[in-house]
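Written below as structure tokens is the structure these notes are about.
The values are calculated or read from the model by the stated rules, or taken from the named source; none is laboratory data. This structure is a prediction, so every number in the text was calculated from the model and none was measured. Here the Cβ is made from the backbone with ideal geometry for all residues, glycine too, and neighbour counts use every protein chain on show. The area values use the complete protein model at the heavy-atom level, side chains included, leaving out ligands, DNA and RNA. Shrake-Rupley method; radii C 1.70, N 1.55, O 1.52, S 1.80 Å.
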Amino acid sequence: FVDGGAMTAPDNAVFDPAKGAFIAENAGVAPDIAVRQDAKSLGAGRDPQLERAVQEVLRMLGERQPVEVENPAYPTPSSGR
């Protein structure tokens, strides 16, 4: 490659006894939410996957209640702790 990088092809597989099948390396993780990456958006400086991720995080934050935390009593030199 022009930048000095290299490309390799997967040449190993791991057997998954739970699935009873070989798992090819570099398979990655299937997304929970499919988002189309299109060249027009990317060329305009937008990232549809990131935008959708932020949308999902904001939705999840809206569903959660704040957690109440009490500050502990901090030890002082006179308390003997």
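What to note about this one:
- Helix axis angle, 48-63 relative to the chain longest principal axis, alpha carbon, degrees: 30
- Ranked order, Val54, Val14 - accessible area, probe 1.4 Å, largest first: Val14, Val54
- Integer Hz, Karplus 6.51/-1.76/1.60 couplings in order for the stretch 35-47, x for Gly and Pro: 10, 6, 9, 10, 4, 5, 5, 4, x, 8, x, 9, 10
- Scattering curve values for the chain, log₁₀ I(q)/I(0), Debye with Cα scatterers, q = 0.15, 0.20 Å⁻¹: -0.93, -1.08
- Accessible-area value, Ile33, 1.4 Å probe, nucleic acids and ligands omitted, Å²: 70
- Given the chain, longest segment not containing exposed loop GluC sites (Glu not before Pro) (DSSP; at most 16 other Cβ within 10 Å): 26-67
- With every protein chain in place, the stretch 1-74: carbon and sulfur % of accessible area (1.4 Å): 57
- Dipole axis of the chain (+1 Lys, Arg; -1 Asp, Glu on Cβ), positive-most option in Pro31, Leu42, Tyr74: Tyr74
- Think of it as helices only: each DSSP H run of n ≥ 4 in the chain is worth -39500 (n - 2.57), and spread over all residues that comes to -7500 deg cm²/dmol at 222 nm.
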